[in-house]
Each structure stands twice: as structure tokens, then as C-alpha cells.
Amino acid sequence: MHKFDHSCEILSNRLYFKKSQKVFNLADIIMLQADVNYTIFYLKNGKRYVTARSLKLYESLLETYGFIRTHRAFLINRLHVQEYGINSGTALMSENMTAPISRRKMKIVKTK
């Protein structure tokens with residue numbers, strides 16, 4: 001069990017949101033995007049889920065589960081990466097989604 005910020009936790013590779021009673025399999029999360037003080041979860045079923053927490057909070061929770069910070073506003077799930085466009089600075093994800101890779105994060109992405 002991995003407790004986090006008293007509002008969500010990870011149990012058995014599932015992310016539990018206590019207040020809203022939402023549960024997501026980590027494998028179903030394609031990527032997360034920061035939007036000011038909100039975070040948008042993009043899910044495999046095409047749905048989105050918005051939380052009133054910063055991306056930084058989720059980064060510290062999810063990094064040990066294969067999620068990589070590719071940009072100041074994006075955290076991606078390695079399971080859903082189809083290819084890295086190193087020259088274009090993007091990651092092609094499942095469901096035809098793309099996430100930017102910043103120049104500063106390129107070395108980290110290449111090694112993971």
C-alpha cells in the first residue's frame with residue numbers, strides 16, 4: 001500500500017481516490033497533463049478525469065510504477081508509449097495521443 005497526500009493511494013496497481021471513490025488501474029492511465037493547479041488523467045477507454053491536485057504530487061506517487069515526466073506539463077505511462085520521436089520531441093502514445101518531450105528531459109527519456 002502506498003499512501004499519498006491523504007486523498008489517494010495505490011493498492012494492487014490501482015489508484016484509489018478516496019473522496020470521489022474513483023478507482024483506476026495504473027495500466028489504464030495513458031498520461032497525465034498539468035493545467036495550472038489541476039491534473040487531467042487520460043484513460044485507455046478515451047475518458048478524462050480531472051483532479052484539483054498538481055502534477056508534481058502525482059509524479060512522486062507514480063514514478064516507481066513506470067511513469068516518466070517528459071515535460072513540465074506531462075507525465076506519461078511507459079506501457080502506452082508506441083514510439084519516441086526524438087527529433088520531433090514527442091512521444092506517440094496509445095489512442096493516437098502525443099505528449100511533448102522537452103529538451104531538458106530528452107536524456108532521461110532515452111535512458112528509460
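No value in this document is a laboratory result; all are computed from the given coordinates. Predicted model only: the values in this text are computed from it and were never measured. Neighbour counts run over all protein chains shown; Cβ positions are idealised from the backbone, glycine included.
Computed 3J(HN,Hα) for segment 92-99, one whole-Hz value per residue from the Karplus formula 6.51 cos²θ - 1.76 cosθ + 1.60 where θ = phi - 60°, is 7, 10, 4, 6, 6, 8, 10, 10, glycine and proline marked x. 3J(HN,Hα) couplings calculated from phi for segment 54-64 with the Karplus curve 6.51 cos²θ - 1.76 cosθ + 1.60 (θ = phi - 60°) are, in sequence order, 7, 4, 4, 5, 6, 4, 5, 7, 9, 4, 7 Hz; Gly and Pro show x.
What does the C-alpha gyration tensor say about the overall shape of the chain? Classify as rounded when a/c is under 1.5, otherwise prolate if a/b is larger than b/c, or oblate.
It is prolate, given that a/c is not under 1.5 and a/b is the larger ratio.
For the pair Asn87 and Ile108 in one chain, pulling the backbone fully straight at 0.36 nm per residue adds 6.1 nm over the alpha carbon distance.
Between Ser7 and Asn45, the FRET efficiency estimated from the beta carbon spacing at R0 = 25 angstrom works out to 0.65. As a rough footprinting exposure proxy, the listed residues Ile68, Ile10 were ranked by other beta carbons within 10 Å of their own, and the order from fewest upward is Ile10, Ile68.
Loop-located trypsin sites (Lys or Arg not before Pro) in segment 23-70 (DSSP state not H, G, I, E or B) with no more than 10 neighbouring Cβ atoms inside 10 Å: Lys47. Over segment 2-79, Cα pairs under 8 Å with separation of 6+ residues give a relative contact order of 22 percent.
The calculated 222 nm mean residue ellipticity attributable to helices in the chain amounts to -3000 deg cm²/dmol, summing -39500 (n - 2.57) over DSSP H runs of n ≥ 4 and dividing by all residues. Close amide-amide hydrogen proximity is noted between Ser102 and His71, each under 5 Å apart and 5 or more residues distant or on a separate chain (H modeled in the peptide plane; Pro and chain starts excluded).
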